[in-house]
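As structure tokens, the structure follows; a few thoughts come after it.
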Amino acid sequence: MMNLQIAKWGNSLAVRIPADYVRQIGVKEGDQLIAHLSIDGALNLSVPSRWSRKAFAQELAHEAKALPMGTSVMEQLRQGARY
């Protein structure tokens, strides 16, 4: 999470996107983003068609391999249960 400052840009307001975020989402000057205002007042920006469900699933699988696997949570609960 990062706090961003709103600045005046002509007659509009603008928010600068930090370079790390720009690299992560792969946008460049002139690209368009989709803006969505949710009911709770959150402003969501997304890249229109670059997101790939397959690439995301592959990234999740790769990250999951790095997580330590132990006994299941249910097994731990059963072992600690007092009947």
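Below are the figures for this structure:
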read-out	value
Selection within the range 43-73 - in contact (Cβ under 8 Å) with a residue 12 or more places away in the chain and touching a strand residue (DSSP E or B) at 6+ places or on another chain (Cβ under 7 Å)	Leu45, Ser46, Pro48
One residue from Gln79, Gln32, Gln24, Gln58 being of a type in the set (S, T, N, Q) and part of a loop (DSSP other than H, G, I, E, B)	Gln32
Subset of the range 6-41 [more than 23 Å from Phe56 (Cα to Cα), surrounded by fewer than 10 Cβ atoms within 10 Å (Cβ to Cβ) and among the aliphatic types (A, V, I, L, M)]	Ile6, Leu13, Leu37, Ile39
Check on Ser49, over 16 Å from the mean Cα position of the chain (by Cα) and loosely packed, with under 10 Cβ neighbours inside 10 Å	no
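Where a number appears in this text, it was derived from the coordinates with a stated rule and is not lab data. Quantities reported herein were computed from a predicted structural model and do not represent experimental measurements. Glycine gets a Cβ as well: all are built from the backbone with ideal geometry, and neighbour counts include every protein chain shown.
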